[in-house]
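Structure record follows, encoded as structure tokens.
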Amino acid sequence: MNRLIHPVIGTYCVFFVSLFLPTAASGEGEPAQADSSLFSHFELLFDTLLGQHYSEAESLAVDLRLRFPDHPGADYAEASVIYAKMTDLEDTSGTATLENLVEACLLKCESWADEASDSMAAEREYLRGAAYSISGLARHRQGRIVDGVRRVMASRRYFDRTIELDPEFYDAYVGRGAYRYAAAQNLSLFRWLPGVPTKRQGWEDLTLGLTRAKFSRYAALSAMVWLVLDGEDFVLADSMVRAGLERYPQSRTFLMPNWR
């Protein structure tokens, strides 16, 4: 059984279990608009996934689909549930569905941009990055290494764009931070080249996500646990695991580091 959040997969690391957006469908022919009241729904789905309550998570994703049928976030929500089961339970039965959902999410984001380029632009770019990331990680697991890495690398561009548009969109820092850390670790021989990130940059991004993100703080914590373990700082790792287990007592995401 694999850990739910992978800080290192192949040559790059990026985590995504489930990061969602406070968005809702609007009138016919108009792009979806934000609705801050939806944060509670997305936070609940995120919590359910980290707790590995997959039946409940599937029900929540279906409910989001019914509420917001034309919004790309609904596609990403369903894909995230499938990916969580894939990594945690080795359940690959939904692989094709995941890819279809990702492509639907990307197409809706493109249409959204064409209809209203400035409407919720940061959220749109974040969804693009998240969709590319989850697709890349899924393809990597299928043995499509080069294809998977390309998609994961593409995701970083959209996370950068999200942060440029809204520097306080701290959930985007989590995805970029995990990417930066693993890229620095796996491209250490090329660190003299321009554009190659550093571990410090990755860690700083993850720390921002851990302390300020709206719905991915514990996902950031899980990613950081494995990075700390790779650095053999077992005391710090233990304290981080304890923090995770305090919130999710039965979560394999935080139990697994104790088995290492």
Exercise. Pick out the one residue from Glu90, Glu110 that is modelled with pLDDT under 90 and out of contact with any helix residue (DSSP H, G or I) (no Cβ under 8 Å at 6 or more places or on another chain).
Key: Glu90
Self-check item: Options Glu123, Glu99: the member that is within 20 Å of Tyr54 (Cβ to Cβ) and either touching a residue at least 24 places away in the same chain (Cβ under 8 Å) or surrounded by fewer than 17 Cβ atoms within 10 Å (Cβ to Cβ) (or both)
Solution: Glu99
Exercise. Could you list all residues from region 126-162 that are β-branched (Val, Ile, Thr) and free of Cβ contacts under 8 Å to residues at least 40 places away in the same chain?
Key: Val146
Quiz item: Within region 174-193, can one find any residue that is closer than 25 Å to Glu90 by Cα, surrounded by 15 or more Cβ atoms within 10 Å (Cβ to Cβ) and touching an Asp or Glu at 6+ places or on another chain (Cβ under 6 Å)?
Solution: no
Quiz item: In region 96-123, what count of residues is obtained for those that are polar (S, T, N, Q) and within 20 Å of Leu45 (Cα to Cα)?
Solution: 1
Quiz prompt | All positions within region 126-147 that are aliphatic (A, V, I, L, M) and either within 15 Å of Ile163 (Cβ to Cβ) or surrounded by 24 or more Cβ atoms within 10 Å (Cβ to Cβ) (or both) | solution = Leu127, Ala130, Ala131, Ile134, Leu137
Exercise. Could you check how many residues of region 215-256 are over 20 Å from the mean Cα position of the chain (by Cα) and buried (at least 21 other Cβ atoms within 10 Å of the Cβ)?
Key: 1
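Yes/no matrix, rows are residues, columns are (1) of a type outside the set (Lys, Arg); (2) part of a helix (DSSP H, G or I):
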position: Ala77; (1), (2): yes, yes
position: Ile82; (1), (2): yes, yes
position: Thr87; (1), (2): yes, yes
position: Ser93; (1), (2): yes, no
position: Val102; (1), (2): yes, yes
position: Lys108; (1), (2): no, yes
position: Trp112; (1), (2): yes, yes
position: Ala122; (1), (2): yes, yes
position: Glu125; (1), (2): yes, yes
Self-check item: Residue that is out of contact with any Phe, Trp or Tyr (no Cβ under 7 Å at 6 or more places or on another chain) and within 14 Å of Leu50 (Cβ to Cβ), where the choices are Arg217, Arg200
Solution: Arg217
Self-check item: helices (runs of 4 or more DSSP H) wholly inside region 144-260 containing at least 3 residues that are farther than 16 Å from Ser133 by Cβ, at pLDDT 85 or above and of a type outside the set (A, V, I, L, M)
Solution: 199-212, 217-230, 234-247
Quiz item: Could you count how many residues in region 70-91 are in contact (Cβ under 8 Å) with a residue 24 or more places away in the chain and under 15 Å from Gly136 (Cα atoms)?
Solution: 7
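The values are calculated or read from the model by the stated rules, or taken from the named source; none is laboratory data. None of these values were measured; they are calculated from a predicted model. Virtual Cβ from ideal backbone geometry, glycine too; neighbours counted across all protein chains shown.
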